[in-house]
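The values are calculated or read from the model by the stated rules, or taken from the named source; none is laboratory data. Keep in mind that this is a model prediction, so the values were computed, not measured. Cβ atoms come from the backbone with ideal geometry, glycine included; neighbour counts cover every protein chain shown. Side chains included, ligands, DNA and RNA excluded: accessible areas come from the protein's heavy atoms. Shrake-Rupley method; radii C 1.70, N 1.55, O 1.52, S 1.80 Å.
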Amino acid sequence: PIPVDATLEIAEQIAEALEEAHNKGIVHRDLKPANVKLTPDEKVKVLDFGLAKAWSGEDPDGSSPSAALSQSPTLAHAGTVAGVILGTAAYMSPEQARGKPVDKRADVWSFGVLLWEMLTGQALFAGDTVTDVIAAVVRAEPDLSALPAETPATVRKLLARCLRKDPRTRLPDIGAARLELHEVRTGEAAETAAPTAE
């Protein structure tokens with residue numbers, strides 16, 4: 001695990017990078033530890049937008065390649081042929097794992113998985129095979145009691161909202177996660193949560 005303070009700083013920068021992409025209409029679709037790098041000056045870089053770039057937009061005939069790709073039940077690596085689910089099993093949102101259309105809420109899910117793993121040092125969804133991992137993503141519920149005791153209540157609540165199976169009830173925007181993390185890091189969350197005496 002990464003210490004809570006360092007995790008929150010890294011997570012805020014990841015959220016900021018995703019927010020920038022989402023504001024440009026880009027869904028990453030393959031957010032995972034291998035696609036997040038920390039520079040020597042401790043700046044976070046979110047890499048490998050290959051899946052998003054390879055399949056965003058419309059074909060010349062007006063059809064959307066991403067819609068066709070997201071309907072397939074087969075996993076494949078980036079840049080292969082049409083008719084595949086894109087992504088890495090342990091970080092896919094449930095809708096992505098089921099081959100349903102995805103939007104920016106799929107990245108919110110993956111962000112939640114990353115945040116969980118940074119805090120706990122453990123895989124959130126594991127299995128002996130890719131099928132087992134996908135089954136866990138679709139069916140298993142995260143155990144918030146596995147988070148370190150020093151994890152702020154606001155971060156626990158944020159994680160719970162990021163990791164909701166139904167995208168309609170999931171945190172709808174990564175910018176909200178960035179703001180919550182910033183408030184926790186700067187102490188603003190505690191100030192606004194405390195009742196005021198009059």
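Working only within the stretch 1-26, note down all residues that are among the β-branched types (Val, Ile, Thr), open to solvent by 30 Å² or more (accessible area, probe 1.4 Å) and either modelled with pLDDT under 90 or under 21 Å from residue 102 (Cα atoms) (or both).
The answer is 26, and nothing else.
Of the residues in the stretch 27-41, how many are in contact (Cβ under 8 Å) with a residue 24 or more places away in the chain and over 14 Å from the mean Cα position of the chain (by Cα)?
Matching residues across the stretch 27-41 total 1.
May I ask you to say which residue of 88, 74, 80 is at pLDDT below 90 and surrounded by 14 or more Cβ atoms within 10 Å (Cβ to Cβ)?
Numbers: 74 fails: surrounded by 14 or more Cβ atoms within 10 Å (Cβ to Cβ); 80 fails: surrounded by 14 or more Cβ atoms within 10 Å (Cβ to Cβ).
Step by step, each of 88, 74, 80 is checked, and only 88 is at pLDDT below 90 and surrounded by 14 or more Cβ atoms within 10 Å (Cβ to Cβ).
Report yes if some residue within the stretch 129-152 is touching a Gly at 6+ places or on another chain (Cβ under 9 Å), among the basic types (Lys, Arg) and in a helix (DSSP H, G or I); otherwise report no.
no
Scan the stretch 136-148 residue by residue and report those that are open to solvent by less than 60 Å² (accessible area, probe 1.4 Å) and either in contact with a helix residue (DSSP H, G or I) (Cβ under 9 Å, 6 or more places away or on another chain) or touching a residue at least 40 places away in the same chain (Cβ under 8 Å) (or both).
Answer for the stretch 136-148, where residues must be open to solvent by less than 60 Å² (accessible area, probe 1.4 Å) and either in contact with a helix residue (DSSP H, G or I) (Cβ under 9 Å, 6 or more places away or on another chain) or touching a residue at least 40 places away in the same chain (Cβ under 8 Å) (or both): 136, 137, 138, 142, 144, 146, 147, 148.
Quickly run through the stretch 162-187 and pick out the residues that are under 11 Å from residue 105 (Cα atoms) and among the charged types (D, E, K, R).
Let us first name the residues in the stretch 162-187 that are under 11 Å from residue 105 (Cα atoms), namely 162-174.
The answer is 164, 165, 166, 168, 170, 173.
Within the stretch 101-119, is even one residue open to solvent by less than 10 Å² (accessible area, probe 1.4 Å), part of a helix (DSSP H, G or I) and acidic (Asp, Glu)?
Yes, the stretch 101-119 has at least one match.
Evaluate the following for residue 170: is it at pLDDT 95 or above, surrounded by 14 or more Cβ atoms within 10 Å (Cβ to Cβ) and not acidic (Asp, Glu)?
Answer is yes for this residue.
I'd like to check something: does the stretch 132-148 contain any residue that is on the phi > 0 side of the Ramachandran plot and not charged (D, E, K, R)? Walk me through it before giving the result.
Looking only at the stretch 132-148, we keep the residues that are on the phi > 0 side of the Ramachandran plot, and these are none.
Scanning the stretch 132-148 turns up no residue that is on the phi > 0 side of the Ramachandran plot and not charged (D, E, K, R).
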